[in-house]
Amino acid sequence: MEGLIFFGTLTILTLTIFRLLFFIWKKHGNWTIVIGIAMLYYWSLSGAWFIIYDLLSSNAGEKWGVHYYYYFEKLFRINLNVDYLYSIVAYGFFIITVELVLFLFPIKANFSEKKIESISIYHPALIIIALLALGGSIFFNYEKIIEAIQNGESIYVYTRFHQGKFFTLHQLCNEIAVVTLLMGIAILLSGENAKYLRGKKSVVLLVLYLLSFTIVMLYLVILGNRHDLIFGGLIGLYLLYFNLNKIIKPFRFIAFILMIAIPLLTTDTIRSLPWGKYFGQVISKPSPVISTPSTTVTENISSISLIQNILFSNEMFAAHMSMYGAIHYKIPLTYGSSVVSLGASIVPRIFWENRPPDIYPYYAKGVHYNDEQGFTIHHVTGWYLNYGWLGILLGGLLFGWLWHYSLVSISKTQFGNSFKRIFFILLPCSIASFIPLFIRAGIEVYKPLFIEGILFPVIVIWFAHFIQKKIINK
C-alpha cells in the first residue's frame, strides 16, 4: 500500500509537470525552458524514485550504483511516512507553479520587427580576462593547493575543508574564467552574422580559445569545481541558441556540448585523486595540517565506476534530506528571516561582521546536525522555513515571473545604450543557467544570482564591446 501511495503521487506529479512542459513548448517553442524545467525536476524530484524503491526493497538500488546512503548515517533517515509524502508534494507544487506562470503569460512582447543591430565584441579581450582570472584564482588559493600536494591528498577535498581567507575571491575568479571563455566560444561559433552578439572569426582565435579552455578546465577539474562549469556551459549554450535566432545547427551545438560534457563527466573521478602522489614529490616538505574528515567518503565514491557516478549523482538525493528534515522535525517558521538576511547581505562583512545569518544554520540546528561536513538546503525548503506552504507558492510565483520577464526582455535589445542592451541579451541566458545553483540554496540565493549570475557576465561582455569600439574609433 505504501508503494502505491508514494509511487502514485510521484507519478501524478511527474505527468503533470511534463504535460505542462509540453504545452509550454507548444506555445513558446523555447528550448531553454525545456532544459530549465528538466533541471528543476532533476534537482528536486528525480531522486524520489530511487529513495522510495530503496525503502521498499532494503536498498536494492545499491546494486545499480546508487551511493547516497551515507546521508542517512551523517544526517537522519528518511521513512515512507506522511512527512516524506508532503516533501514530494512540496517540490512538485513549486515546479508546477513556475510552469503555470510561464504558460499563462505571453513571452513575445509587442515591439518593432525591424532587424536588430548586433553588438560587436573583441575576442582577445575575453581571452585575456579569462587568463587573468585564472591567475587570480591560483594566487588566492596557492597556499592551500600546495598543502594538499604536500599531504598527498585530493586537492578538491582539501581545499573544501581548509578554506583560506581568500577562498571567496578564488571561487569568483574561477567563475569569471570559465564563464568568460564559454561565452566567447559561443559568440565565435555564432558567426559574424549572429543576431545579438558577434565578433570576428579566425582560426587563430579558435585555437587560442581552445588552448585557454583546456588549461582552465584541467585546473577546475583537479579542483573539482563542477558548478562553475555547469553554469558557464549553460550560459554559453543558451547564448549560442539565442544568437542563432533559436535555429539548431547540429555541428555547432554538438561541438559546444562535447566541450562541456567531457570535463563535466570526468570531474568526480579526477577530483578525488591524491594529486600529490602524481607530482612525484616535487614539493617534499610535508604540511602539518591533518587530513580532511571527508576523505573517506571521497575515496568510496571514487571507487565506483564512472558510469554509475554519472547516472546516480548524489545531488539527486540531497534535496530530499532538506525538505524532509524541515517537516519531520517540525522546525518553526521564521516569517521572513531569509528576507532580512538577503537585505543585510548588501552590507559587506567588514562593516557588519555579525550580519543576520542565512537560513542554513537555522535549519542545521533544527535537525540537530553538528557534523563538520556541510550540505545544501533546497530552495523550496528555504521558502517553506520562512512562510510555510504560502512561501512555496510565493517562491514559485517570484521565480516564474523573473524567468518570464527575462524571456520577454530579450525583445528589448534594440533599445537603449550598449550596457542595457547586453543586459537584456544575457538576462534569459543567466536566469536559466543559474537554476542548478539557484535550486540548491534558500531565498538568499537571489543575491549571487544577480551579482555572479547576471551582473558579472554582463560587465565582461560590455568590456569586450567597449574595447572593440575603441579599436574601431582609432
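Values in this text are rule-based calculations from the coordinates and carry no lab data. Since this is a predicted model, take the numbers as computed values, not measurements. Positions of Cβ are generated from backbone atoms using ideal geometry, with glycine treated the same way; all protein chains shown enter the neighbour counts.
Quick notes
- Going from the residue with the fewest nearby Cβ atoms within 10 Å to the one with the most, 227, 379, 404 rank 227, 404, 379.
- Among 328, 170, a tally of other beta-carbon atoms within 10 Å of each Cβ gives an order, fewest to most, of 328, 170.
- Global form of the stretch 208-260, assessed from the alpha-carbon gyration tensor, a/c cut-off 1.5: prolate
- Multiplying the residue separation of residue 257 and residue 203 by 0.36 nm and subtracting their alpha-carbon distance yields 17.5 nm.
- Exposure proxy ranking, count of Cβ atoms within 10 Å, fewest first, for 58, 345: 58, 345
- For the residue pairs 27/200; 246/447; 74/447; 27/412; 27/201; 195/420, alpha carbon separations beyond 24 Å are given by 27/200; 246/447; 74/447; 27/201.
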